[in-house]
Amino acid sequence: MATEATFTIPADQFPLGTVFQQLPDVTITLERIIPAQDVIVPYFWVRGTIVDDIEESFSDHPGVKAMRLVDSVEDEYLLRVEWALEYTGILSTLAETEIPLLQAVGTKQQWTFEVRGDDRSDIATFQQRCREVDIPVTLTKLHALMPVETETETALTDTQQEALVLAYNRGYFESPREVTMEDLGDELDISQQAVASRLRRGIKQILGNTLSQTEQPN
């Protein structure tokens, strides 16, 4: 039976984790992709900061060969990374064991990787290989394949959903408003501009998804 598993590793045990030394409040999300030996998750998002040169925030690491900024929107940056294929890490181990990566999110506390195997033995093989190459993974969840998320759930980023839920619960969308954007920013520990960006982009995603499912009149 297809099995999904969640593993964590310390923040400094992954090449991109060097960014937390300079930007401890950011969140990194790897683009979902099925890893192969020659191309391993080339894109990732950095969210939660505004800096002039985001690439310079990542210290040199033997696992990274090159990195460049692809696009940026306010406090969100899309970067492309070229990994050093000779570096042995969790991504190369996923590729070696042919385990698809569903999601990977990094914070200053830890990296969380969600993966899927055709059965539990695939997950066990990956975990064993990590032990052999001294990758300190911790298995936190293991379960049978779950139903696919709704389009709205997959469209929202974690930070957008967090901001929208907080804004809704605190009465930001009431008339008159029961909380200011500054209050939301203080609670999320981000700037007002970052709150505005997350709310605007989250609402746009929800509206786009909802309207795309509405049948046009004849």
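The values are calculated or read from the model by the stated rules, or taken from the named source; none is laboratory data. For clarity, every value in this text was computed on a predicted model and none was experimentally measured. Backbone-built Cβ (ideal geometry, glycine too); neighbour counts: all protein chains shown.
Can you give me the number of residues within the stretch 101-147 that are hydroxyl-bearing (Ser, Thr, Tyr) and closer than 30 Å to residue 23 by Cα?
Of the residues in that region, 4 qualify.
Taking the criterion of being under 20 Å from the mean Cα position of the chain (by Cα) and hydroxyl-bearing (Ser, Thr, Tyr), would at least one residue in the stretch 113-128 satisfy it?
Looking for residues that are under 20 Å from the mean Cα position of the chain (by Cα) and hydroxyl-bearing (Ser, Thr, Tyr), one finds none in the stretch 113-128, hence no.
Working only within the stretch 174-188, note down all residues that are surrounded by 16 or more Cβ atoms within 10 Å (Cβ to Cβ) and among the small types (Gly, Ala, Ser).
Listed by number, the list holds a single entry, 185.
Where in the stretch 119-218 are the helices (runs of 4 or more DSSP H), entirely inside, with at least 2 residues that are modelled with pLDDT under 80?
151-155, 192-212
I need the full set of residues from the stretch 61-101 which are among the acidic types (Asp, Glu) and either touching a Gly at 6+ places or on another chain (Cβ under 6 Å) or under 30 Å from residue 193 (Cα atoms) (or both), in order please.
Answer for the stretch 61-101, where residues must be among the acidic types (Asp, Glu) and either touching a Gly at 6+ places or on another chain (Cβ under 6 Å) or under 30 Å from residue 193 (Cα atoms) (or both): 71, 74, 75, 76.
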